[in-house]
Amino acid sequence: MNKEELYLAEDNLAAEIEEISEFVFNHAELGSEEFESCKYLVEKLKEHGFTVTCPYLDLDTAFRAELYCGEGPKVAVLPEYDALPGYGPNKDEVAHACGHNWIAASTLGAALTLAKFKDQINGTIVVIGAPAEETTGGKCDIANRGGYDDIDAALQFHLGAENNMNIMTLAMDSIEFRFHGTASHAAAYPEKGVNALDAVNLMFAGINAMRQQTRNDARVAGIITSGGAACNIIPDYAACQFYIRAKDRAYLEELTQKVINCAKGAELMTGAKLEYFNFENSYDDLVYHDGLRALMRKNLNDLGVTDFVDSDEEASGSSDIGNVSHVCPTVYCELDTGARPKVFAHHETFLKYVHGKMARHTLHTATKALAATALDVFENPDIVK
């Protein structure tokens with residue numbers, strides 16, 4: 001089997017792949033509420049002969065689909081299909097401003113294309129759909145529950161402002177801190193109060209002082225979620241949330257402990273009692289498999305994509321695909337939208353480039369590159385051993 005046959009099969013599926021993108025785009029749903037999109041994707045996979053488990057691992061809008069073609073490796077593509085709030089004229093619409101409809105279409109498109117050659121493939125085509133990448137990180141839950149343990153290679157593209165094979169995603173901990181004090185009249189009996197808001201403010205002051213001694217790749221961002229009810233009442237309860245990020249998990253654990261120590265210091269200084277917990281999943285940094293990355297780059301080159309940026313060291317967020325990469329060989333990269341001037345994910349202008357005619361070229365390039373890289377692994381499984 002040669003890749004020209006694979007690309008021709010993708011061309012023949014082009015209208016169906018674009019339909020997937022449009023359906024998910026037009027049925028935008030928030031994380032863990034992607035019931036329509038999940039059902040649609042599951043039914044599409046069943047139509048093409050996949051065996052599907054949904055819900056998967058106790059996640060209502062997660063699924064796992066498989067097409068067994070032989071005793072070879074299991075290669076997984078990873079659709080996402082949650083959207084973002086805050087778009088439209090009144091900022092009250094949910095929309096795919098990160099292009100997860102495009103990710104759903106390119107990953108399913110690759111799986112459907114490979115399925116056309118099931119009699120020539122030695123291995124299992126796997127599709128693992130995870131909810132809530134934008135919020136709680138469904139891939140974290142799936143990874144923690146062993147959902148990727150048997151996968152030999154995991155593949156995904158994202159739309160971006162550049163062609164980038166060297167994406168850096170930061171490991172991240174998400175922690176909420178709550179302080180419990182004692183309320184009293186702020187003017188008449190201030191000495192009888194224990195000010196929980198003072199504890200939050202002192203914690204922020206400690207973290208701001210700590211920034212001088214943190215690595216350049218570290219990011220600590222926080223908000224106050226509760227700060228009292230009235231100026232004449234000493235707050236007996238205050239709370240804050242922090243995202244703590246770093247380039248690698250080892251340093252992040254050190255940094256997170258320093259943030260916790262700032263909270264403990266604020267507790268000691270004020271007398272307000274502290275409790276803290278993770279309010280979202282912890283994300284790991286992205287670990288690349290060099291063999292998979294080399295294959296993906298070659299396949300993109302063959303498809304005419306050659307203008308890659310050198311690195312992404314200056315700016316980065318976090319993604320739950322990092323957790324996948326700590327479990328199984330993974331490749332994750334970005335394709336340029338082609339917009340000039342550049343547009344960036346989560347901005348409202350990004351919506352024009354994630355579906356319809358503005359997204360067709362990148363969608364089919366990604367689909368073909370995913371299918372071709374999966375085929376390489378099926379034919380040369382030693383790559384991921």
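Couple of notes before you dig in:
- Residue that is at pLDDT below 95, buried (at least 24 other Cβ atoms within 10 Å of the Cβ) and not in a helix (DSSP H, G or I), where the choices are SER319, SER311: SER319
- When we screen LYS44, LYS118, LYS74, LYS39 for residues that are more than 25 Å from the chain's Cα centre (by Cα), at pLDDT 95 or above and among the basic types (Lys, Arg), the only hit is LYS118.
- Pair list, Cβ under 8 Å, 6 or more apart: region 362-377 residue in the same structural domain as ASP307 (by the TED database) and touching a residue at least 40 places away in the same chain (Cβ under 8 Å), other residue of a type in the set (Asp, Glu) and in a helix (DSSP H, G or I): LEU363/GLU18; HIS364/GLU10; HIS364/ASP11; THR367/GLU10; LYS368/GLU10; ALA371/GLU10; ALA372/ASP302
- Residue ID - surrounded by the fewest Cβ atoms within 10 Å (Cβ to Cβ), chosen from residues in region 138-169 that are under 13 Å from the mean Cα position of the chain (by Cα) and modelled with pLDDT under 95: MET168
- Scan of region 20-53 for residues that are open to solvent by less than 60 Å² (accessible area, probe 1.4 Å) and either more than 13 Å from TYR81 (Cα to Cα) or of a type in the set (Val, Ile, Thr) (or both), ordered by number: ILE20, VAL24, VAL42, LYS44, LEU45, HIS48, GLY49, PHE50, VAL52
- Answer residue from region 229-273, given it is surrounded by fewer than 16 Cβ atoms within 10 Å (Cβ to Cβ) and among the hydrophobic types (A, V, I, L, M, F, W, C) and is nearest to the chain's Cα centre (by Cα) among those: ALA250
- Residues considered: GLU36, GLU18, GLU29, GLU71. Of these, the only one that is in the same structural domain as THR367 (by the TED database), assigned to a loop (DSSP other than H, G, I, E, B), more than 21 Å from THR124 (Cβ to Cβ) and among the charged types (D, E, K, R) is GLU29.
- Sole exception among (1) touching a Lys or Arg at 6+ places or on another chain (Cβ under 9 Å); (2) surrounded by fewer than 21 Cβ atoms within 10 Å (Cβ to Cβ) for ALA76, by number: (2)
- Looking only at residues in region 283-308 that are among the polar types (S, T, N, Q) and open to solvent by 40 Å² or more (accessible area, probe 1.4 Å), the one that is farthest from ASP198 (Cα to Cα) is ASN301.
The values are calculated or read from the model by the stated rules, or taken from the named source; none is laboratory data. Please read all numbers here as calculations on a predicted model, not as lab measurements. Because the Cβ atoms are built from the backbone with ideal geometry, glycine has one as well, and the counts that use them run over all protein chains shown. SASA here: full protein model, heavy atoms, side chains in, ligands and nucleic acids out. Shrake-Rupley method; radii C 1.70, N 1.55, O 1.52, S 1.80 Å.
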